[in-house]
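J.: To start, I am sharing the structure in question, which I have written as structure tokens.
The values are calculated or read from the model by the stated rules, or taken from the named source; none is laboratory data. Note that the structure is a prediction, hence the values are computed from the model and not measured. As a convention, Cβ positions derive from the backbone with ideal geometry for all residues, glycine included, and neighbour counts pool all protein chains shown.
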Amino acid sequence: MRAAAVCTLFLAALVQGDAPQGYLINEEDGHGYKLVYVAQTWQRAMKLCAEEGAKLAVPKSEQEFAYIQKIVRAMHYPSIIGAEFKLIAWVGVHSLNDYTVWENVDGENIDDTGFNRWAREKYISKNPQEPHCAGVDAINPGYRDWWCHRRQPYICEIQTSST
């Protein structure tokens, strides 16, 4: 039994590679992703990811979106603390700088990146005082627009030395 536990720890270390604790490595792109269960507003989530050398996750391909959505599907919903709507996790996409343009936390217009699909249609607020942020849910094949002031779980993304 003890040998099995040691073997499991060794394999877990191999899978985690150079990612900090709590991050899962996407073998396809080498990025590490971590789901945070303590809900925050979008802006606070962005700050907290940055404090640990990460950013809110930014899917730039279908594969990256699918990997992030797989993490959301595996969420243990009873463990989410303080969320107003437990089915959506924040990612690094927003319309804060210009309410008519969706961009990612890397400063790119998402129409110019490899992934810009929406669960429904792309939402453009009619009110400049009401920008939105994007999240991912477990079912829909694209971003979900949501009010940035809502508290949601979130996903941080970190570069690993293998990328």
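J.: With the requirement that a residue be touching a Ser or Thr at 6+ places or on another chain (Cβ under 6 Å) and at pLDDT 90 or above, what does region 102-150 give you?
T.: Let us first name the residues in region 102-150 that are touching a Ser or Thr at 6+ places or on another chain (Cβ under 6 Å), namely 102, 114-115, 124, 131-132, 149.
Listed by number, the residues that qualify are W102, F115, H132, H149.
J.: Looking at V105, is it surrounded by fewer than 20 Cβ atoms within 10 Å (Cβ to Cβ), under 13 Å from the mean Cα position of the chain (by Cα) and aliphatic (A, V, I, L, M)?
T.: Working: surrounded by fewer than 20 Cβ atoms within 10 Å (Cβ to Cβ): yes; under 13 Å from the mean Cα position of the chain (by Cα): yes; aliphatic (A, V, I, L, M): yes.
Yes, satisfied.
J.: Let me ask you something else. Quick one: K70 ticks every box in (1) over 18 Å from A119 (Cβ atoms); (2) surrounded by fewer than 18 Cβ atoms within 10 Å (Cβ to Cβ); (3) at pLDDT 95 or above; (4) of a type outside the set (G, A, S) except a single one, so which number is it?
T.: Of everything listed in (1) over 18 Å from A119 (Cβ atoms); (2) surrounded by fewer than 18 Cβ atoms within 10 Å (Cβ to Cβ); (3) at pLDDT 95 or above; (4) of a type outside the set (G, A, S), K70 misses just condition (1).
J.: Moving on. Quickly run through region 1-51 and pick out the residues that are in a helix (DSSP H, G or I) and modelled with pLDDT of 85 or more. Walk me through how you get there before you give the answer.
T.: Initially, region 1-51 is screened for residues in a helix (DSSP H, G or I), giving 2-16, 42-51.
Result: W42, Q43, R44, A45, M46, K47, L48, C49, A50, E51.
J.: Another question about this same structure. Does F85 count as at pLDDT below 95, over 23 Å from Q159 (Cβ atoms) and assigned to a helix (DSSP H, G or I)? Working first, answer last.
T.: On the way: at pLDDT below 95: yes; over 23 Å from Q159 (Cβ atoms): yes; assigned to a helix (DSSP H, G or I): no.
No: the conditions fail for F85.
J.: Considering only residues that are in contact (Cβ under 8 Å) with a residue 60 or more places away in the chain and outside any loop (DSSP other than H, G, I, E, B), look in region 111-145 and name the one that is surrounded by the fewest Cβ atoms within 10 Å (Cβ to Cβ).
T.: The qualifying residue surrounded by the fewest Cβ atoms within 10 Å (Cβ to Cβ) is V136.
J.: Would you mention how many residues in region 52-82 are within 14 Å of I139 (Cα to Cα), touching a residue at least 40 places away in the same chain (Cβ under 8 Å) and in a loop (DSSP other than H, G, I, E, B)?
T.: The number of residues fulfilling the criteria is 1.
J.: Let me ask another. Any residue in region 66-80 that is aromatic (F, W, Y), over 22 Å from G53 (Cβ atoms) and touching a strand residue (DSSP E or B) at 6+ places or on another chain (Cβ under 8 Å)?
T.: Filtering region 66-80 down to residues aromatic (F, W, Y) leaves 67, 77.
The next check asks that each one be over 22 Å from G53 (Cβ atoms); those that pass are 77.
Among the residues that remain, those that are also touching a strand residue (DSSP E or B) at 6+ places or on another chain (Cβ under 8 Å) are: none.
The answer is no; no qualifying residue exists.
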